[in-house]
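J.: This is the structure I want to talk about, given as structure tokens.
The values are calculated or read from the model by the stated rules, or taken from the named source; none is laboratory data. Keep in mind that this is a model prediction, so the values were computed, not measured. With ideal geometry, Cβ positions are generated from the backbone for all residues, glycine too; neighbour counts draw on all protein chains shown. The area values use the complete protein model at the heavy-atom level, side chains included, leaving out ligands, DNA and RNA. Shrake-Rupley method; radii C 1.70, N 1.55, O 1.52, S 1.80 Å.
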Amino acid sequence: MSLSISKVCSQITPSVTLKLNAAVAEMKKQGLPVIGLGAGEPDYTTPPHISAAAKQAIDAGRTFYTAAAGLPELRRALVHFLKKDKGLDYDISQAIITTGAKQALLGAFLAVLDPGDEVLLPTPCWVSYPEMIRMAGGIPVMIPTTKEQGFVPSIEQLRAAVTPRTKAMLLNTPSNPTGAVWNRQQLQDLADLAVEKEFYVISDEIYEKLVYDGAEHICIASLGKQICDQTVVISGFSKAYAMTGWRMGYATGPKDVIAAMASYQSHATGNPNTITQYAGIAALTGDQECVEHMRQAFSRRRQLMVERISRMPLVSCFMPHGAFYVMLDVRGVVGKSINGHVIASAADFAEQLLNEKYVASVPCEAFGAPGFCRLSYAISDQHIAEAMDRLESFLNSLT
Ligand SMILES: Cc1ncc(COP(=O)(O)O)c(C=O)c1O
């Protein structure tokens, strides 16, 4: 035997966003005036009543292991919340608390995929999905979508991608990176197809609370018993309650899938952080005004950013209806020059913008969207205005 890294791990591409965040942090440390539009997290701190519940848990000595699937009180609160919020009917045995939605996603893939199983994956998509699917032995089957179709695949595209090996479809609405929100008809068509062809829907709804302009987040599992029985709903606390650092998410779904995820979790990590789980109870049972407050701020910032971009040369974007990202179309910039350097790609554009104007954006090649950069508007109005000034001045200096 040789001393070598496994095939699975040597094929993993490290997350571009985390790499970018580290580079930005380093530049800031050097005193450079960087504005980061790469953030995948709210710029707010966690609401005080949620943090207070964690402090109380520590003071009360609630510092022990919990059940691997999470505290029964939290799972009960979750089931109750999902009934009220989305009309979903789950027993607590159908709910698992995880270390972030990330772990819920990996757990769901591990629970349902065998080697060689295919997972339908509309692109552009979040960078972690293809890696997770491959880590679980599956094969991501990319379904490319365009800006012109609002970044939602047609039902014909979905149907054409189904094969006898299709085991699941990854649905992400609202979407990172596109901000697209699937409407009821699009979800119903997918649900009908999934029921007809018998595949799971892994529904990542982490941005569910962040929808704008009257767009409605609809959970596909709420469309009927059959589709509910083959959907794993995944969400969490990171984006809605500004709790990214607490690391807590959840999944609900068919009893056997959740039980398999709990078995895996019991060996992989054990329960998610106990203190965090007490904070989670406060988040789900407390006043939801904090969520609405952040949603309104993101909506305003989104308009600020899109409005500025619409007046800039060479680039364009569409108005996102969810999440907190704008997909900047930079295809018109490729081939232009800055200081004699010809911009070759979105990645090159992002690098030049960072070097010249200290504005960090995320090139979307890794999201399956060459020619686009993702800009996060989860930063202050002032920073957005300043970043847009710098972007405009960069574009105006291109020849
Ligand atoms: C689409 C999507 N799903 C899941 C996650 C993971 O969230 P969590 O912090 O709950 O692990 C993210 C985080 O950026 C995301 O963008």
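J.: When Leu20 is evaluated against the numbered criteria (1) open to solvent by less than 50 Å² (accessible area, probe 1.4 Å); (2) at pLDDT 95 or above; (3) within 15 Å of the ligand (Cβ to nearest atom), which criterion, by number, is the only one it fails?
T.: Evaluating Leu20 over (1) open to solvent by less than 50 Å² (accessible area, probe 1.4 Å); (2) at pLDDT 95 or above; (3) within 15 Å of the ligand (Cβ to nearest atom) leaves (2) as the failure.
Table: residues versus (1) buried (at least 18 other Cβ atoms within 10 Å of the Cβ); (2) aromatic (Phe, Trp, Tyr); (3) more than 25 Å from Ser222 (Cβ to Cβ).
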site	(1), (2), (3)
Cys125	yes, no, no
Met135	no, no, yes
Met142	no, no, yes
Ala168	yes, no, no
Thr173	yes, no, no
Asn176	yes, no, no
Gln185	no, no, no
Asp204	yes, no, no
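J.: For the list (1) within 16 Å of the ligand (Cβ to nearest atom); (2) within 28 Å of Val330 (Cβ to Cβ); (3) touching a strand residue (DSSP E or B) at 6+ places or on another chain (Cβ under 7 Å), I need the number of the one condition that Pro144 fails.
T.: Here Pro144 meets the rest and fails (1).
J.: Here is a follow-up. I'd like to know if the range 254-272 contains one or more residues that are more than 16 Å from the ligand (Cβ to nearest atom), open to solvent by less than 10 Å² (accessible area, probe 1.4 Å) and within 23 Å of the chain's Cα centre (by Cα).
T.: Among the residues of the range 254-272, at least one is more than 16 Å from the ligand (Cβ to nearest atom), open to solvent by less than 10 Å² (accessible area, probe 1.4 Å) and within 23 Å of the chain's Cα centre (by Cα), which makes the answer yes.
J.: A follow-up question, please. Would you call Leu121 outside the structural domain of Leu20 (by TED's automatic domain parsing) and either away from the ligand (no atom under 13 Å from the Cβ) or surrounded by fewer than 16 Cβ atoms within 10 Å (Cβ to Cβ) (or both)?
T.: No.
J.: Moving on. Among the residues that make up the range 217-225, is at least one of them modelled with pLDDT of 95 or more and crowded, with 24+ Cβ neighbours inside 10 Å?
T.: Checked against the condition, which is being modelled with pLDDT of 95 or more and crowded, with 24+ Cβ neighbours inside 10 Å, the range 217-225 yields at least one hit.
J.: Provide a single number: the residues in the range 89-112 that are away from the ligand (no atom under 16 Å from the Cβ) and either outside the structural domain of Ala279 (by TED's automatic domain parsing) or open to solvent by 10 Å² or more (accessible area, probe 1.4 Å) (or both).
T.: 7
J.: Answer with yes or no whether Ser266 is outside any loop (DSSP other than H, G, I, E, B), within 29 Å of Arg62 (Cβ to Cβ), at pLDDT 95 or above and out of contact with any helix residue (DSSP H, G or I) (no Cβ under 8 Å at 6 or more places or on another chain).
T.: yes
J.: Restricting the first residue to the range 228-251 and requiring it to be outside the structural domain of Ser175 (by TED's automatic domain parsing) and within 13 Å of Lys102 (Cα to Cα), which pairs with a second residue that is more than 10 Å from the ligand (Cβ to nearest atom) and open to solvent by less than 10 Å² (accessible area, probe 1.4 Å) meet a Cβ separation below 7 Å and a spacing of at least six or different chains?
T.: Close Cβ pairs (under 7 Å, with a partner that is more than 10 Å from the ligand (Cβ to nearest atom) and open to solvent by less than 10 Å² (accessible area, probe 1.4 Å)) do not exist here.
J.: Return yes when Ala39 is within 16 Å of the ligand (Cβ to nearest atom), of a type outside the set (Ser, Thr, Tyr) and surrounded by fewer than 18 Cβ atoms within 10 Å (Cβ to Cβ) and no when it is not.
T.: no
J.: Still on this structure, please answer the following. Pull up the range 191-232, narrow it to residues that are among the basic types (Lys, Arg) and farther than 17 Å from Leu170 by Cα, then point me to the one that is nearest to the ligand (Cβ to nearest atom).
T.: Ranking the qualifying residues of the range 191-232, first place goes to Lys209.
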